[in-house]
Amino acid sequence: MGELGEYWRDVKPHLKELSQEKREQQFDKRIDYAILQFENEKIPYKLCNKSNGHFNLYKDNKVVMSFWSYTGRIYSTLIDIDEDFQRGIKQCLKIYNKNFKL
């Protein structure tokens, strides 16, 4: 194996660990940011599970979408969400406003 390959073999686990630590440090900020966005857009929501950042979004007192702030995952059984647009708070807001806002 070349020098570069050996370098990456040694460095990659350390970089993954640093990346994981950074994500965990930002976890509460991600939840707070999602809450702020939902409130700014006047979207009814409930933080269902703080340990994984799971939110339910409501329309007429029914759950219409779910969002996970830790991963940015968006899910809904009521609408088909294109795979390319299943991540991120901004996409979540766009999808909700397009499909469920009056």
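Quick notes on this one:
- 0 to 90° range, to nearest 10: angle between helix 27-40 axis and the chain longest Cα axis: 30
- For E41, nonlocal amide neighbours, meaning residues 5 or more places apart or on other chains whose placed amide H falls under 5 Å from its own, do not occur.
- Computed over the chain: relative contact order in percent, which uses C-alpha pairs under 8 Å that are six or more apart: 16
- Loop-located GluC sites (Glu not before Pro) in the range 4-63, at most 16 other Cβ atoms within 10 Å (DSSP): E41
- Dimensions in Å of the chain - Rg and Dmax from alpha carbons: 17.6, 61
- Rounded to the nearest 10 degrees, the angle from helix 3-25 to the longest Cα principal axis of the chain is 30 degrees.
- With both labels modelled 7 Å from their Cα along Cα-to-Cβ, the Y58 to E3 distance reads 6.3 nm.
- Within the chain, the longest run free of exposed loop sites, counting trypsin sites (Lys or Arg not before Pro) that sit outside DSSP helix and strand states (H, G, I, E, B) and have at most 12 other Cβ atoms within 10 Å, spans 51-100.
Only the coordinates and a few stated rules stand behind these numbers; no lab work does. All values derive from a computational prediction rather than experimental measurement. Neighbour counts run over all protein chains shown; Cβ positions are idealised from the backbone, glycine included.
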